[in-house]
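A short worksheet on the structure shown next.
The values are calculated or read from the model by the stated rules, or taken from the named source; none is laboratory data. None of these values were measured; they are calculated from a predicted model. Glycine also receives a Cβ, built like all others from the backbone with ideal geometry; neighbour counts cover every protein chain displayed. Ligands, DNA and RNA are stripped out before the accessible areas are found, and what is left, the full protein with its side chains, is counted by its heavy atoms. Shrake-Rupley method; radii C 1.70, N 1.55, O 1.52, S 1.80 Å.
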Amino acid sequence: MNSFAGQHILSVNQFDREAVEKVFSVADQMLPYASRKKRTTVLEGAILGNLFFEPSTRTRVSFGTAFNLLGGHVRETTGISNSALAKGESLYDTARVLSGYSDVIAMRHPDTGSVAEFAAGSRVPVINGGDGANEHPTQALLDLYTIAKERASLGLTIDDLHIAMIGDLRFGRTVHSLATMLSLFNNVKFTLISPKDLSMPSKVCDTISNAGHELIITEKIEGSVEADICYQTRIQEERFASQELANQFRGKFRLNQQIYTKHFKSQTVIMHPLPRDSRAEANELDNDLNMHPNLAIFRQTDNGVLVRMALFALTLDVAEKVQHYIKPVYWYTKNK
Amino acid sequence: MNSFAGQHILSVNQFDREAVEKVFSVADQMLPYASRKKRTTVLEGAILGNLFFEPSTRTRVSFGTAFNLLGGHVRETTGISNSALAKGESLYDTARVLSGYSDVIAMRHPDTGSVAEFAAGSRVPVINGGDGANEHPTQALLDLYTIAKERASLGLTIDDLHIAMIGDLRFGRTVHSLATMLSLFNNVKFTLISPKDLSMPSKVCDTISNAGHELIITEKIEGSVEADICYQTRIQEERFASQELANQFRGKFRLNQQIYTKHFKSQTVIMHPLPRDSRAEANELDNDLNMHPNLAIFRQTDNGVLVRMALFALTLDVAEKVQHYIKPVYWYTKNK
Amino acid sequence: MNSFAGQHILSVNQFDREAVEKVFSVADQMLPYASRKKRTTVLEGAILGNLFFEPSTRTRVSFGTAFNLLGGHVRETTGISNSALAKGESLYDTARVLSGYSDVIAMRHPDTGSVAEFAAGSRVPVINGGDGANEHPTQALLDLYTIAKERASLGLTIDDLHIAMIGDLRFGRTVHSLATMLSLFNNVKFTLISPKDLSMPSKVCDTISNAGHELIITEKIEGSVEADICYQTRIQEERFASQELANQFRGKFRLNQQIYTKHFKSQTVIMHPLPRDSRAEANELDNDLNMHPNLAIFRQTDNGVLVRMALFALTLDVAEKVQHYIKPVYWYTKNK
């Protein structure tokens, strides 16, 4: 990927290390606008088509906010039940029509491959906001960007990272995509902790191994003590054949203050793709860590805005122009 | 409440008389923008998170319009069924994430206390757009602002007002909040007209009495002839134990041209929180009063935009700056 | 219709030839903005109330995009189930309230006459985006505008056109409205091809005949070989008394590459109101024509944006001012 201008962003597999670093470099430049130190009007008059045929409040609003922060308008669609797609319209037709209404499109859809199929008919760049169990490249980019920033705060880079991925590694597209992107870097150590029935697919393990990284597969959280990142995911109990089978894992990968202190070093950063289930019986990632400085889960969602701003700026070819259309911010911004 | 900058607006109980008068003074300054004499760009680039986890078309659009009139963008969420909240995400997490996407939030939610709980996790000011049966402070403020303006047109103030509140005074949060706010003023006379089963809660009556105001409780509309304001609400028949019990009140608190002329003085202003049921069998507030100059119900909703503009300007600390970023209006605005 | 300023756009019957040509002349001027050669800020600060009480993704987004392209904000409402209308609020009340929140309204509603009833209570211009089986004037205008542009590319005008309308001519409001508008022009030849049970209503046929146009009614596609326009619609099988009755028409009015080549001259332009059912069993308008240069279906939806921009500019009286508030476009626009 040499140039982003006019390109679709459909898969983590499009990115080499240079492309990833380009996105992160532009994302860094977006911080003053996201934190309201100043604002830019570079995309004033541009229109984002924010097409969420599958609902996702946070991803949808994050894309919309990112576009507003660059000065643009957002036209939004949510749900599929009443859409023409439900009445037999092809994704090609939908794309041909809706791409006439905007300058760039962010799209989520429940079906694998649907966003790529849509992109083939679109006359404007399409960014994949999740196509079912398949891909969610902006989540992978924001996770990786978060790792890069957490490491940078310690004077380190993504190279030489040790990451522990914990929980349901089989069905979680988030950890698949993140592992694939991390494999672009040097000397990453992966500790993959999950029940056997929920272990990382061999395809992803092969990607890691073929890139020459160290890979440890285990069912026990104990071996992760030296991890720089603890990437926690939910055990999706509904996917087990019976509740009895699920029950044997209940709480086994729970993370709370006590477990964190016992099993991880004091610098280990805690990540989670969110949303998390905060109900008492969830045994996932407890609220007693909410104020812990190493809990990066809300820095992840904040970083998502920066990464999406960067992708809009790059695909619309304004990354170099953002700083030329700056205006002041007049309102209360104390905690931004 | 000495300063509004960065503050949440959660309850009518936050307001003393001075704070109310501050809101109204800023609302007055908003009229030229709402009536399109000119426009302001003071919040150009700012983002409102308009989170309506419980649907309410008019309140949602009124908040959004108010923010647009100050120049800002609106990112919107409606409904709760597909949201992360429905899957066990805490209001704290939702607030931490979504407050990263906007500069101020307006929120409605079906559960009592939910907006305050959300506000505790939010990094930006939160304005309560209604939390179930609990609070709806912007409705109370727009009702009170309407009373102030109707009185001002007669050279009067809210002090020395006589208000008749009619209908379901037990379950209507609107009349509770309005009565509480009116109690901040001097020498207000309340005539509360309802069936015994739907009478004003003693807590609200105590607030009125403790503030030294005159309070008349009755089941008959006859005693309200001298009222300056007739605040009409719906008898919510579905709350009675049986249709037979409900039927005894059917039409008893109906207001139409004939009843109005018979029971009220010619200056009495008619108010209603809207929406009203206009079907013939509703017996609520008849359409034959639609053209009556004293029918203030649509002035109430217009005033809602002014009050919400004022709250945004105050919480974002731009009330003094609005007039410095004025631009002309080029389009047809004859009836605005 | 001498002036559009402040007027509602409710029906094709409001338009004489001069009014139609005025809309088209303004639509022509909108092309540089829609194709992002430049942008205009003439409606910066104005608010469109986009009220879709009946869902329609493409019509809703097209109106919103048109308004954004003129610089304005969009406040949107979709669905009716949770609205006050569903709880007995009159269209008059809804209109009085919501028209206080915007400068112009685009509205779709499932009931015949509802948009006109709403307009009667509105304080701002209302554009009908479809009221059930009744009217959808902007669809008729964009269809006619497409015909005008396709003809102009051949050095021709709408006068002396030969149009074949095919399929369900009984229930399709699109063809009724288009036929009515075409009747305003000179010497149009209509070939109406449909099963007898789905033939064009006599009222529309009378309009055509009374205007002095040639009218051929047939059940066979064979007679349309000389048509300049082939306007294809769907056979709505669910409206037949039985599947057996429907089956006799299955595929009879299908259009694909082979049938097109056999029955039409090489210049015949193919139109369709969209969405089309692209599933194999639909037998409607096949995908093998997708790349055919005479397939105008996506030019229709693109033209819809121009026509809606023109209607906003005219009803808000800024058609002459659009060009005075021009700004440059900085972003990637290669395929616009």
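Say the dipole of chain A comes from +1 at the beta carbon of Lys and Arg and -1 at that of Asp and Glu; which of A:Ile193, A:Gln243, A:Gly72 then lies farthest toward its positive end?
Most positive-ward Cα: A:Gly72.
Checking the table A:Lys149/A:Lys327; A:Lys327/C:Lys321; A:Lys321/C:Lys38; B:Lys327/C:Lys327; C:Lys38/C:Lys321 against a 19 Å threshold on Cα-Cα, which pairs fail?
Exceeds cut-off: A:Lys149/A:Lys327; A:Lys327/C:Lys321.
Among the chymotrypsin sites (Phe, Trp or Tyr not before Pro) in region B:272-336, which ones are in a DSSP loop with at most 14 other Cβ atoms within 10 Å of the Cβ? Mind listing them?
Numbers: sites: B:Phe298, B:Phe312, B:Tyr325, B:Tyr330, B:Trp331, B:Tyr332; in loops: B:Tyr325, B:Tyr330, B:Trp331, B:Tyr332.
For chymotrypsin sites (Phe, Trp or Tyr not before Pro) across region B:272-336 that sit outside H, G, I, E and B with at most 14 neighbouring Cβ atoms in 10 Å, the list is empty.
Ignore the peptide's own chain and count Cβ atoms of other chains within 10 Å of each Cβ in A:270-279; give me the average, rounded.
Details: counts 0, 0, 1, 0, 6, 11, 6, 6, 7, 4.
Counting other chains' Cβ atoms within 10 Å and averaging over A:270-279 gives 4.
Accessible area lost on pairing B with A, both sides, 1.4 Å probe, Å² to nearest 100? If you can, show how the numbers build up before the last one.
Numbers: alone 15480 and 15510 Å², together 27780 Å².
Separately minus together, B and A give about 3200 Å² buried.
Kindly provide log₁₀ I(q)/I(0) values, in the same order as q = 0.07, 0.12 Å⁻¹, from the Debye equation applied to equal alpha-carbon scatterers of chain A.
Evaluating at q = 0.07, 0.12 Å⁻¹ gives log10 I(q)/I(0) of -0.30, -0.88.
When the Kirkwood hydrodynamic radius is evaluated over all pairs of different C-alpha atoms of region C:82-151, what value in angstrom, to one decimal, is obtained?
Values: mean 1/r = 0.0765 Å⁻¹.
In region C:82-151 this quantity evaluates to 13.1 Å.
Taking chain A as a Gaussian network, where each spring joins two C-alpha atoms under 10 Å apart, which residue of A:Asp288, A:Asp302, A:Asp131 fluctuates the most?
So, out of A:Asp288, A:Asp302, A:Asp131, the one fluctuating most is A:Asp288.
Which lysines does C:Lys252 reach when only Cα atoms under 22 Å apart count, and residues fewer than 8 places away in its own chain are ignored?
A:Lys87, C:Lys196, C:Lys220, C:Lys262, C:Lys265
Between copies, how close do the A:Val225 label points come, placed 7 Å along Cα→Cβ, listed in nm from shortest?
In nanometres, ordered from closest: 9.0, 9.0.
Percent relative contact order of chain A, based on C-alpha pairs within less than 8 angstrom and at least six residues apart?
Working: 619 pairs, mean separation 73.5, N = 336.
It rounds to 22 percent for chain A.
Over region A:138-298, with every protein chain in place, what whole percent of the accessible area is carbon and sulfur at 1.4 Å, could you tell me?
Details: 3310 of 6880 Å².
After summing per-atom areas, the C and S share lands at 48 percent.
Determine the dipole magnitude for region B:63-184: charges of +1 sit on the beta-carbon of Lys and Arg, -1 on that of Asp and Glu, nothing else is charged, the reference point is the Cα centre, and the result goes in debye to the nearest 20.
Numbers: 9 positive and 13 negative charges, 41 e Å.
Around 200 debye, computed over region B:63-184.
Got the B:Asn210 label distances to the other copies yet, label 7 Å along Cα→Cβ, in nm, shortest first?
7.3, 7.3
Taking the Cα centre of each part, how many Å lie between region B:94-119 and region C:283-336?
39
Taking C:Lys334 as the anchor, which aspartates and glutamates have their alpha carbon closer than 17 Å to its alpha carbon, excluding any fewer than eight residues away along the same chain?
Partners found: A:Asp103, A:Asp317, C:Asp302.
Quick check on packing: order C:4-10, A:95-101 by the mean number of other C-beta atoms within 10 Å, highest mean leading.
Working: C:4-10: 20.4, A:95-101: 24.4.
Put in order of decreasing packing, that is A:95-101, C:4-10.
What does the average come to when, for each residue of peptide A:118-127, you count the partner chain Cβ atoms lying within 10 Å of its Cβ?
Details: counts 0, 0, 0, 2, 1, 5, 5, 3, 0, 0.
Mean shielding by partner chains, rounded to a whole number: 2.
Could you give the Stokes-Einstein D for region B:49-184 in µm² per second, using the C-alpha Kirkwood radius, 20 °C, 1.002 mPa s?
Values: Rh = 16.3 Å.
Here the translational diffusion coefficient equals 131 µm²/s.
What is the average number of partner chain Cβ atoms found within 10 Å of a Cβ in A:292-302?
Values: counts 0, 0, 0, 0, 0, 3, 8, 1, 1, 7, 6.
Neighbouring Cβ atoms belonging to other protein chains average 2 per residue here.
If you take the Cα atoms of region B:1-77, find Rg, then find the Kirkwood Rh from the mean of 1/r over all pairs, what is Rg/Rh?
Working: Rg = 13.8 Å, Rh = 14.1 Å.
Taking Rh as the inverse mean 1/r over Cα pairs, Rg/Rh reads 0.98.
Counting only heavy atoms of the protein chains, get the accessible area per residue of the protein assembly as shown (1.4 Å probe) and round it to a whole Å² value. Mind showing how you got there, number by number?
Values: 36840 Å² over 1008 residues.
Ligands and nucleic acids excluded, the result is 37 Å² per residue.
Tell me the distances, shortest first, between B:Asn187 and the same position across the other copies, using label points 7 Å along Cα→Cβ, in nm to one decimal.
Nearest to farthest, the other copies are at 8.5, 8.5 nm.
For region C:153-161, take each phi angle, set θ = phi - 60°, evaluate the Karplus expression 6.51 cos²θ - 1.76 cosθ + 1.60, and give the result in whole Hz per residue in order, putting x for glycine and proline.
5, 9, x, 10, 10, 5, 4, 6, 6
Send over the per residue convex hull volume for region A:180-236, Cα only, as a whole number of Å³. Let's see the in-between values first.
On the way: hull volume 5.1 nm³, N = 57.
Value for region A:180-236: 89 Å³ per residue.
Within 10 Å, count the other beta carbons around each residue, average over each peptide in A:42-54, B:23-35, and list them highest first. If you can, show how the numbers build up before the last one.
On the way: A:42-54: 24.7, B:23-35: 19.0.
Most protected by this proxy first, the peptides run A:42-54, B:23-35.
Can you give the convex hull volume of the alpha carbon atoms of the protein assembly as shown per residue, in Å³? Walk me through the numbers before you get to the answer.
On the way: hull volume 195.0 nm³, N = 1008.
Spelled out: Cα convex hull of the protein assembly as shown, divided by residues, is 193 Å³.
Please identify the GluC sites (Glu not before Pro) of region B:262-336 that satisfy two criteria: DSSP loop assignment and at most 13 other Cβ atoms within 10 Å. Which are they? Please list the in-between numbers first.
Numbers: sites: B:Glu281, B:Glu284, B:Glu320; in loops: B:Glu284, B:Glu320.
Here the sparse-neighbourhood loop sites are B:Glu320.
Across every pair of different alpha-carbon atoms, what Kirkwood hydrodynamic radius in Å does region A:240-336 reach? Can you show the working numbers first?
Working: mean 1/r = 0.0580 Å⁻¹.
Value: 17.2 Å, from the Cα pair sum.
For region B:186-239 and region A:14-56, write down the distance between their C-alpha centroids in whole Å.
The distance from the Cα centre of region B:186-239 to that of region A:14-56 comes to 55 Å.
Bins of 10 Å, beginning at zero and ending with the bin holding the largest distance: percent of Cα pairs per bin for region A:138-298, please.
Percent of pairs per bin, in order: 11, 43, 37, 9, 0.
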